[in-house]
Amino acid sequence: MKVAMLTGGGDCPGLNAVLRAIVRKGQNDYGDELVGFLDGWRGVLEGETMPLDVEALRGTLPRGGTIIGSSRTNPYKVDGGPEQVRTSLEAAGVDALIAIGGEDTLGVAQRLTADGLAKVVGVPKTIDNDLSATELTFGFDTAVQICVDAIDRLHTTAESHDRVLVVEVMGRHAGHIALWSGIAGGATMVLIPERPFDIDEVCNALRHRHENRSRYASIVVVSEGATPSDAGVLTTQNSELDAFGHVRLGGIGDALAREIEQRTGYESRAVVLGHVQRGGTPTAFDRVLSTRFGVAAIDAVHDGAFGQMVALRAGEIVRVPLEEATGELKLVSDDLYDVARIFFG
Ligand code: F6P
């Protein structure tokens, strides 16, 4: 078979490991010809491919990013885009496509499948870990580890200066990165999109903590999508939208640090971890998960399991309908939030 791959949406550690696994098994076990479309759906629309073989993927297991590029192109936002996808796949002689992406990229894969325009298998990627139907996406573990490394470092400087350090992390509308890194990093408080926060409560918790000790410091982890329950308190929203209609988040950390300092008098600073969370080498866990997903994806192609996504459930790699994975976002569970809350204040 001729099997194509694409990586779409925000990049994330482990993408190359998925490509490498698909190519290794596809070429060696199935005798496939493998190609990558460049820059996600953009490369499909414009018919831009590069050949991928075992040699081309050599040395990429520990490498962050994606060697075939990524973009947030949405074929359903381009005139005649979906039809163009079909034409382009036919022109390239592609029998099947493996789409490696998050909610948006896989949402397109799902629609193309439903519209009968492409034979696609999905692989769940995103540092945000917000895809339903899989317990984990690859890239999440690495992002959390990067945040925890930063928080560990911030503890010592916060303590030396008796400051409040507000750490803004990614995650869009799901608080997984914030909650996991807050628990692992021993944060004083974790603010997530799922739970609008009361700024008075945040300040009271900080006062309680600082006033009962002679010298103290606090780390507040805030997810970029967290919002105050009183909408008028902090304004951070940017109105710019991407091709999938997402607003560009960011700014809550700075706004929150300013507000905390003003209300409590404690010197406060914001640290925005930003794209550092997506860069660099994947953790061992993500390398293994990516490799397992890649192998399962090429197997799914050969089983004709189109319209399906490979997923992690109870430690096993399974197949689930793309529809189930992209229907609604997976948010932080109440159980995990309650664990984090025990350590607030
Ligand atoms: O979806 C991954 C993610 O890193 C989000 O956490 C974040 O909101 C967004 O992408 C940032 O996108 P961009 O790289 O386009 O600024």
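The values are calculated or read from the model by the stated rules, or taken from the named source; none is laboratory data. In this text, all values refer to a predicted model and were calculated from it rather than measured experimentally. Every residue, glycine as well, gets a Cβ built from its backbone with ideal geometry; the counts of neighbours run over all protein chains shown. Please note that ligands, DNA and RNA were not included when accessible areas were found on the heavy atoms of the full protein model with its side chains. Shrake-Rupley method; radii C 1.70, N 1.55, O 1.52, S 1.80 Å.
Just a few scattered comments:
- Members of the stretch 297-317 found to be among the hydrophobic types (A, V, I, L, M, F, W, C) and under 20 Å from the mean Cα position of the chain (by Cα), listed by number: Ala297, Met309, Val310, Ala311, Leu312, Ile317
- Any pair with Cβ under 9 angstrom, 6 or more apart, that starts in the stretch 287-300 at a residue that is over 21 Å from Asn129 (Cβ atoms) and ends at one that is of a type in the set (S, T, N, Q) and at pLDDT below 95: none
- Screening Asp242 with (1) among the acidic types (Asp, Glu); (2) in contact with an Asp or Glu (Cβ under 7 Å, 6 or more places away or on another chain); (3) surrounded by fewer than 16 Cβ atoms within 10 Å (Cβ to Cβ); (4) closer than 30 Å to Leu19 by Cα gives one miss only, at (2).
- Matching residues, the stretch 92-126, being among the aliphatic types (A, V, I, L, M) and open to solvent by 10 Å² or more (accessible area, probe 1.4 Å): Ala92, Val94, Ala114, Leu117, Ala118
- Of all the criteria given as (1) closer than 20 Å to Leu15 by Cα; (2) aliphatic (A, V, I, L, M); (3) open to solvent by 70 Å² or more (accessible area, probe 1.4 Å); (4) free of Cβ contacts under 8 Å to residues at least 60 places away in the same chain, the one not satisfied by Val276 is (4).
- Within the stretch 131-188, the residues that satisfy the criterion of being more than 16 Å from the ligand (Cβ to nearest atom), more than 24 Å from Cys203 (Cα to Cα) and in a loop (DSSP other than H, G, I, E, B) are Ala133, Glu135.
- Some residue of the stretch 20-35 being open to solvent by 50 Å² or more (accessible area, probe 1.4 Å), among the small types (Gly, Ala, Ser) and within 23 Å of Ala300 (Cα to Cα): yes
- Members of the stretch 59-88 found to be under 20 Å from Leu289 (Cα atoms) and β-branched (Val, Ile, Thr), listed by number: Thr60, Thr66, Ile67, Ile68
- Of the set (1) open to solvent by 10 Å² or more (accessible area, probe 1.4 Å); (2) more than 14 Å from the chain's Cα centre (by Cα), all apply to Arg172 but (2).
- Failed item in (1) open to solvent by 30 Å² or more (accessible area, probe 1.4 Å); (2) within 16 Å of the ligand (Cβ to nearest atom); (3) in contact with a Leu (Cβ under 6 Å, 6 or more places away or on another chain), with Gly69 passing the rest: (1)
- Filter result for Leu57 (open to solvent by less than 10 Å² (accessible area, probe 1.4 Å), under 20 Å from the mean Cα position of the chain (by Cα) and not aromatic (Phe, Trp, Tyr)): no
- Residues being surrounded by 19 or more Cβ atoms within 10 Å (Cβ to Cβ), in contact with a strand residue (DSSP E or B) (Cβ under 8 Å, 6 or more places away or on another chain) and over 19 Å from Cys147 (Cβ atoms) - total across the stretch 280-294: 3
- Flag if Ala340 is modelled with pLDDT of 95 or more and open to solvent by less than 40 Å² (accessible area, probe 1.4 Å): yes
- Scanning the stretch 72-91 for residues that are surrounded by fewer than 23 Cβ atoms within 10 Å (Cβ to Cβ) and touching a residue at least 24 places away in the same chain (Cβ under 8 Å) gives Arg72, Asn74, Tyr76, Lys77, Val78, Gly81, Pro82, Glu83, Gln84, Arg86, Ser88, Ala91.
- Residue that is at pLDDT 95 or above, more than 14 Å from the ligand (Cβ to nearest atom) and within 30 Å of Tyr30 (Cα to Cα), where the choices are Asp200, Asp254, Asp286: Asp286
- Scanning the stretch 105-130 for residues that are out of contact with any strand residue (DSSP E or B) (no Cβ under 7 Å at 6 or more places or on another chain), touching a residue at least 24 places away in the same chain (Cβ under 8 Å) and more than 12 Å from the ligand (Cβ to nearest atom) turns up Gly107, Val108, Gln110, Arg111, Ala114, Asp115, Leu117.
- Residue list for the stretch 249-278, restricted to those being in a loop (DSSP other than H, G, I, E, B) and not aliphatic (A, V, I, L, M): Gly250, Gly251, Gly265, Tyr266, Glu267
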